[in-house]
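Notes for the one structure printed next.
Each reported figure results from applying straightforward, stated rules to the coordinates on display, with no laboratory input. Since this is a predicted model, take the numbers as computed values, not measurements. Heads up, the Cβs are rebuilt from the backbone with ideal geometry, glycines too, and the neighbour counts pull from every protein chain shown.
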Amino acid sequence: MKYNLLGNTGLVVSELCFGTMTFGGQEGYWKPIAGLGQTQADELIKCAVEGGINFIDTANVYSAGESEKQLGQAIRNLGINRNELVIATKVRGRMGVGPNDTGLSRYHILQSIDESLQRLEMDHVDILYVHGVDPLTPLEQTMRALHDVVAAGKVRYIAVCNWPAAKQALLDAGAAHVDFTAENNAALRYIVAGALPDDSTVTAMLDRVKRNGTLLLVKFDKDWAEVLLKKGLLSRPVTEWGGTAVRRMGRKRLGLS
């Protein structure tokens, strides 16, 4: 397994991140996407860790929290040292029927991180993504809440996914209006990015990655692969991957080294 720095944080993560969206979800909306039980989750986590993966991704919305529960249980079942893993989860998606059970308000962020930690049975997560855009909440309020969960020791680093590059540019402006400590200001630089796979968006995203020294973590599907292949960031078309092999863009290819 190869390892990379997580943006400019000094944290070292495996080049491949293991995603757990298929954990749980044996009924309802998530059934066609997920459906794996605890035994299968244990087997997959065991295989990933034995293969050198230390970076594991989940989200509160995956199978309505079951993914987080199964991930935490798998780590305990296997006797894996939690401190040898980098665990990421997410916040924004709807987690209940109430009007405040979704979004990036202070209310929802603080409630969601506590509930995620309860499901994982951990005292902190290493990375908390804002999982999409909330047009109703001022960015400064979201940034302040994220600062506070880092300061409280519940989260080590924050990240952003499913945001257009233009929207991400506002994060710098948002940070400038919040009185972060020097330590937490560094922690709150967004270190993982995602975007919709169109040419202009990807160009803007890569420009920001180069300027800020952030890590671009991409879920490779056919649409993403075609855009990145055209930009010379992949060496083979997706049709040659055999459905399982993933070609990850390196820092050198992005001009980051």
Limiting things to C-alpha atoms, what are the Rg and the maximum Cα-Cα separation (Dmax) for region 99-145, in angstroms?
11.0, 31
Rounded to whole Å, √(5λ) for the Cα gyration tensor eigenvalues of region 1-73, largest first, gives 25, 14, 9
If Lys and Arg each add +1 and Asp and Glu each add -1, what is the summed charge of the other residues whose beta carbon sits under 10 Å from the beta carbon of GLY25?
-1
Let me see the P(r) profile for region 1-138: every Cα-Cα distance counted, bins of 5 Å, each bin given as a percent of all pairs.
2, 10, 19, 22, 20, 15, 8, 3, 1
